[in-house]
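Input: a single structure, listed below in structure tokens.
The values are calculated or read from the model by the stated rules, or taken from the named source; none is laboratory data. Just so it is clear, the structure is predicted and the values come from calculations on it, not from any experiment. We place every Cβ from the backbone using ideal geometry, glycine too, and count neighbours over all the protein chains shown.
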């Protein structure tokens, strides 16, 4: 088994994992809400029972 | 008409179509043999080839099977034959079993050719002591593959982009068959000093797989192909 | 890496214009959104700055605060998809809402699982020196990922809503059949690797708290995402129906002219 890297070598991996995670979820949520805003005006209120 | 009789009629119809069109013998089998030759180019070492021969046989089976499944349902959807069968009140369970039976027969031919190719091209050695194991492996794996192929082929039939959808859906599902059948075949060949007794537990997995997907397919096929 | 790239939601009162500006939001989802956003800010604070390095894994342990929650959410999402699909197929609870929840949950699950696979391989690179190992848990996870990508492709096949719902529900249940088979076959094939759980059980104090913050905030985020996505899917279905109604009306008008 390969020895554990030093802390300073690990940091890029740690930062990358946080950026990927939050970036991917953020991008997904952003696209979803943008799509919702785009089509909402065309949908009659009866098909939006949650509002 | 009993489900079994429907299944036999449908299987006979499919095999008759395949026999007359000669697509399996003239295109699919040459394709499978070509894949085996290409593996040899890629791996380029006799020892490696002998060692991985069982896995390559099954890998080639699965790739060629994609073509077979596409064909099995292209025949049905071309003139809306599948819908016609359903309108005529033919039980979907029977259609499923029949198409699986026909697919299994074609797969058996394909696998035999691939096995011979492995012996001729890769110097894989068949052993008398592994013969029973080998036949059982091929029977169990072929049954499972035929069920899965029919189930997902029926789903993808008539859909836009089915050529690309089918491998995406089917290959992950048949992964256990690839693992199980390869290990059992290795045991039957005695690859890497494996003894044939090591193969039998994998047969259990293959049979379980075939039973689960056979039962699931018979129940669900009607809903999947229903328009 | 500021948390602003996650969705924000303020708390202005509802008026018709706002309903279109935030068409899938309600008071509940707004509260949920604020809570998960606060949770993620906490997660970044505790995960990256306030918690100490692990004795053996050093900084690598910080990846686990997002890796473990996203993997857990991915599995939960697929369980939700399976249960909702069963609820759709069961005649007494048949409703397209179940189908949309199944679809929304699968989509969010694929997102979380993709994230879990990426962060997991980054963690593996740090701790094992390799990105990937053919361990049964990892391999099953990868197959689950591909299977649900296939599930989403089946949802996009077209046809009526009912057809889509029935087809995808069956595929979801077949996936439930497939996953244990893959898991056990891989386990038999490669029984050796069991070192992946090194990290768990050794965390303590602030580290355990950071993991806890990660799990809670990701769970809230999951619920928020599924609720919104499910509503967007409902609106898309409604649009489809309108398109169909309009086409029918046009054909009828043509017929009347002749």
Of (1) within 14 Å of the chain's Cα centre (by Cα); (2) more than 10 Å from chain A (Cβ to nearest Cβ); (3) farther than 13 Å from residue C:36 by Cα, residue C:254 fails just (1)
Those residues of segment B:172-221 which are out of contact with any helix residue (DSSP H, G or I) (no Cβ under 7 Å at 6 or more places or on another chain) and either at the interface with chain C (Cβ under 8 Å from one of its Cβ atoms) or buried (at least 24 other Cβ atoms within 10 Å of the Cβ) (or both) amount to B:201, B:208
With criteria (1) part of a helix (DSSP H, G or I); (2) surrounded by fewer than 18 Cβ atoms within 10 Å (Cβ to Cβ); (3) touching a residue at least 60 places away in the same chain (Cβ under 8 Å), residue C:52 comes up short on (1)
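Given the criterion part of a helix (DSSP H, G or I), at the interface with chain C (Cβ under 10 Å from one of its Cβ atoms) and over 17 Å from the mean Cα position of the chain (by Cα), identify the matching residue among B:165, B:155. Let's see the steps before the verdict.
Values: B:155 fails: over 17 Å from the mean Cα position of the chain (by Cα).
So the residue among B:165, B:155 that is part of a helix (DSSP H, G or I), at the interface with chain C (Cβ under 10 Å from one of its Cβ atoms) and over 17 Å from the mean Cα position of the chain (by Cα) is B:165.
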Among C:82, C:25, the single one that is modelled with pLDDT of 75 or more and not in a helix (DSSP H, G or I) is C:25
Picking from C:159, C:103, the residue that is farther than 28 Å from residue C:58 by Cα, touching a helix residue (DSSP H, G or I) at 6+ places or on another chain (Cβ under 9 Å) and buried (at least 24 other Cβ atoms within 10 Å of the Cβ) would be C:103
Taking segment C:129-145 and keeping only residues that are buried (at least 17 other Cβ atoms within 10 Å of the Cβ) and within 7 Å of another protein chain (Cβ to nearest Cβ), one is left with C:143
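Tell me, yes or no, whether segment B:50-58 has at least one residue that is closer than 14 Å to residue B:145 by Cβ, part of a helix (DSSP H, G or I) and touching a helix residue (DSSP H, G or I) at 6+ places or on another chain (Cβ under 6 Å).
Yes: segment B:50-58 contains one or more residues that are closer than 14 Å to residue B:145 by Cβ, part of a helix (DSSP H, G or I) and touching a helix residue (DSSP H, G or I) at 6+ places or on another chain (Cβ under 6 Å).
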If you check residue C:159 against the conditions, is it within 14 Å of chain B (Cβ to nearest Cβ), out of contact with any strand residue (DSSP E or B) (no Cβ under 9 Å at 6 or more places or on another chain), modelled with pLDDT under 85 and outside any helix (DSSP H, G or I)? yes
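Any idea which residue in segment B:86-112 is farthest from the chain's Cα centre (by Cα), counting only those that are without any contact (Cβ under 8 Å) to a residue 24 or more places away in the chain and either surrounded by 15 or more Cβ atoms within 10 Å (Cβ to Cβ) or in a helix (DSSP H, G or I) (or both)?
First pass over segment B:86-112, keeping only residues without any contact (Cβ under 8 Å) to a residue 24 or more places away in the chain: B:87-89, B:112.
After this cut, where a residue has to be either surrounded by 15 or more Cβ atoms within 10 Å (Cβ to Cβ) or in a helix (DSSP H, G or I) (or both) as well, the list is B:87, B:112.
Working: B:87: 29, B:112: 12 Å.
Among those that are without any contact (Cβ under 8 Å) to a residue 24 or more places away in the chain and either surrounded by 15 or more Cβ atoms within 10 Å (Cβ to Cβ) or in a helix (DSSP H, G or I) (or both), it is B:87.
A quick yes/no check of all residues on (1) assigned to a helix (DSSP H, G or I); (2) surrounded by 17 or more Cβ atoms within 10 Å (Cβ to Cβ); (3) at the interface with chain C (Cβ under 7 Å from one of its Cβ atoms); (4) without any contact (Cβ under 8 Å) to a residue 24 or more places away in the chain:
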residue	(1), (2), (3), (4)
A:9	yes, no, no, yes
A:12	yes, no, no, yes
A:16	yes, no, yes, yes
A:23	yes, no, yes, yes
A:28	yes, yes, yes, yes
A:38	yes, no, no, yes
A:49	no, no, no, yes
